[in-house]
Structures are given as structure tokens and as C-alpha cells.
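J.: First the structure, then my questions, so here it is.
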Amino acid sequence: MTLNQFIYKATRPLGGLQLARILARHHPRILMYHRLSATDEPGKIHVDQFRKQMRLIKRHFHPMNLTELLEAHEQGNVPNHAVVVTFDDGYADFAEYAFPIMQEEGIPSTLFITTGFVNGDLWLWPDQLRYVIDNTVSNKEVFIEGLNQKINFHTDREKAWNVVADHCLTIPNEQKESLISDLYDRLDVVRPESSPSQYRGLEWPQLRKMVNKGLDIGSHSYSHPILTRLRSDALISELTSSRELIREKLGVDTQVFCYPNGQPFDFNSDVKSAIRAAGYSVAVAAYPSRHPLSDIWAINRYPANKLWELFEKNVYGMTYLNSRALT
């Protein structure tokens, strides 16, 4: 058990969460979600758990969407206990589960959409990789160039996915697409032309209805590439085409961009400059910090978690207070 876990377990019954909430009242918590499910599935949060999380936020915090938080920050009056719920990518389960729950509980939300995905032009590369690994019956080892190792995708599918997905984050996008395409051939799997039902994206009419009900929309690029791996012309296209599609389809002149993957090595000063030039005012990353709004081109977020202990630590401010204690 780590010291952080010990403090949580020891102080929670004694009011430790309430104390953390008070001490962290000036620290906005921006939460990052991806997918929900009505069954227990890897990589997804169960809808019942999500509803429980939203009810806690409604009861003990000040929920707002990201645009509202940024406006308050600019005016110097961010409310105490501010919590923002964001979702990335634009999967269909957002409309099926997440948005209805948030509407019922009165929780505002911000959704970052991968516009080529929503437009039906593509399906996301992690899902393409997941699909080929999940559907192969081949027991042969495949040599992955760049990793310099052979992988049996049949014996340990989860480990294989993690190893190859991590590798894909480090290589140019054209090389990544070539690698995934080659895996379909070598593992004898037919690649669907469009995303299978389990990876289905939202549709524009659904989004328009949700925007009319108050959904805050931002861009998550056109095709979800690693931006630092793009040529300058491709980078500009990813940023501008996504923003233009949102304006055309939804009538929203979005000012907020969300980095695909969103780790520190996924953007740099050149990428930030291109985002600014494309007409965005802020950009959002995918890792937390003590001062989430200090850099408007890398606004920080806490990854959502299905484990109740980790959710409570993040939303009540224990994670933040622990980071302060360590510095």
C-alpha cells in the first residue's frame, strides 16, 4: 500500500475527503472521460458508476462546462469547488449513456469530437488495431519492425495490443497506418470498410440535438493523429478541416482544441502555434497538474477512473494536495 493509499483509507472515515475538498477549493478539477458501457468492458466505465460519480459532483461541487470555466478564469472569478466533465473522441455511447445521465443530473459537459470519425470518413486507429488483434485466429508469431521482436497476437491479446499501440504513438502516422494495414494481411483478418458497431461514432444530427440542449463542443482533430508526427501541411489540414466541419455541421465556432493522446510529447511550440493560427483560443492536454489553467495551450485534466477510490481522490482534491506535499 502506498502512502497516498494509506492516507486515503485512514482519513476517509474521519472526514478526510471533506477536509481535502475545503483545502482544494481553489483548484479546478477538469475530468477526462472516453467511453461508457452498460456492461463491464475493458477501457469503459459502467453507466451505473458514471451516474454515481455525476451525482456526487452535483451534490458537493460546482459543475460547469469548459467554456464557462475559461470565461470565469479570464474574468478572475473561478468559483470554489469547480469541476468540469469532458469527453474525448465522439463515440456513439456518449449520446446513448453519458449525455442523458448528465442532463438528468444537471451536469454541463464538453465533448471533443474527432470530426472525420463523426463524419463517417474513418474509424480511429486504436480501434482498428484492437479489432485485428481481437479477431485473429492465427497462432503464428509476427515480427514487428521497429520493435525488433516477434509477437504472438493470439496467446496474449491484451499485452500485444498494449505493446503495439505504445509503439504506434512513437512513429510517423503514415508508418503507423502501414503497420496496422500489414497486420490485417499477416493475421488473416478482413478489415471492415467502416467502424463496426462496437466502435461506432456519433452522427451529426445527434450532435445538433445535444448542442441545442447545451452541449459544449470542441475539436479533437480530423483523424486523431499524433500531431508532432505530421508534416506542416498535414498539421494545418487536421486543425482547420476539423474546425470548419464543426462550423458547417453544427453552426459552432469552436475555440477549444483537444490534443490527440494529449501527453507532453504529443505537442510542442510549433503545434501550439499552428493551433493558434487555425483560430483556436485554447488547447487541452490529457494529464493533470497543480495549476491546470496556467498554460492555455496545455490545459490539464484528470483521467476519469472506474475505481471509486481514485475518482474520490481526484475530485475531492486529495491528488492535488498530495502533489503539493511532494514539492
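J.: Given the C-alpha centroids of segment 136-160 and segment 227-282, what is the distance between them in whole angstrom?
T.: If you average the Cα positions of each part, the centres end up 34 Å apart.
J.: Defining a contact as two alpha carbons under 8 Å apart and six or more residues distant in sequence, what relative contact order in percent does segment 34-144 show?
T.: The normalised contact order for segment 34-144 reaches 25 percent.
J.: What is the pair-distance distribution P(r) of segment 35-101, computed from all Cα-Cα distances in 5 Å bins starting at 0, with each bin given as a whole percent?
T.: Bin by bin from 0 Å, the calculated values are 3, 16, 22, 20, 17, 12, 7, 2, 1.
J.: Contact order normalised by length for segment 224-296, with contacts defined as Cα pairs under 8 Å and 6 or more residues apart; what percent is it? Don't skip to the end; give the middle numbers.
T.: Values: 71 pairs, mean separation 25.2, N = 73.
Averaging sequence separation for qualifying contacts and normalising by length gives 34 percent for segment 224-296.
J.: Explain nothing, just the number: dipole magnitude of segment 149-241 about its Cα centre with +1 on each Lys and Arg Cβ and -1 on each Asp and Glu Cβ, in debye rounded to the nearest 20. Mind showing how you got there, number by number?
T.: Details: 12 positive and 13 negative charges, 57 e Å.
Its charge dipole is roughly 280 debye.
J.: Also: Peptides 274-285, 202-213: what's the order by average Cβ count within 10 Å, highest mean first?
T.: Details: 274-285: 19.3, 202-213: 15.8.
So the order, starting with the most tightly packed, is 274-285, 202-213.
J.: When the Karplus curve 6.51 cos²θ - 1.76 cosθ + 1.60 is applied with θ = phi - 60°, which whole-Hz ³J(HN,Hα) does each residue of segment 47-53 get, with x for Gly and Pro?
T.: Per-residue couplings from phi come out as 4, 5, 5, 4, 4, 4, 5 Hz.
J.: Taking the Cα atoms of segment 125-186 alone, what are Rg (to one decimal) and Dmax (as a whole number) in Å?
T.: 10.4, 29
J.: Taking the Kirkwood radius as the inverse of the mean 1/r across Cα pairs, report the Rg/Rh of the chain.
T.: Numbers: Rg = 20.3 Å, Rh = 20.9 Å.
We get a ratio of 0.97 for the chain.
J.: Rank L169, L122, T319 by how far each Cα sits towards the positive end of the charge dipole of the chain (+1 on Lys, Arg Cβ; -1 on Asp, Glu Cβ) and give me just the farthest.
T.: Farthest towards the positive end: T319.
J.: Might you report the magnitude of the Cβ-based charge dipole of the chain about its Cα centre, with Lys and Arg at +1 and Asp and Glu at -1, to the nearest 20 debye?
T.: Values: 36 positive and 38 negative charges, 278 e Å.
For the chain, the charge dipole is close to 1340 debye.
Computed from the coordinates by the stated procedures, all read-outs in this text should not be read as laboratory data. All figures in this text were calculated on a predicted structure; none of them were measured in a lab. All Cβ positions, even for glycine, are placed from backbone atoms using ideal geometry, and neighbour counts span all protein chains on display.
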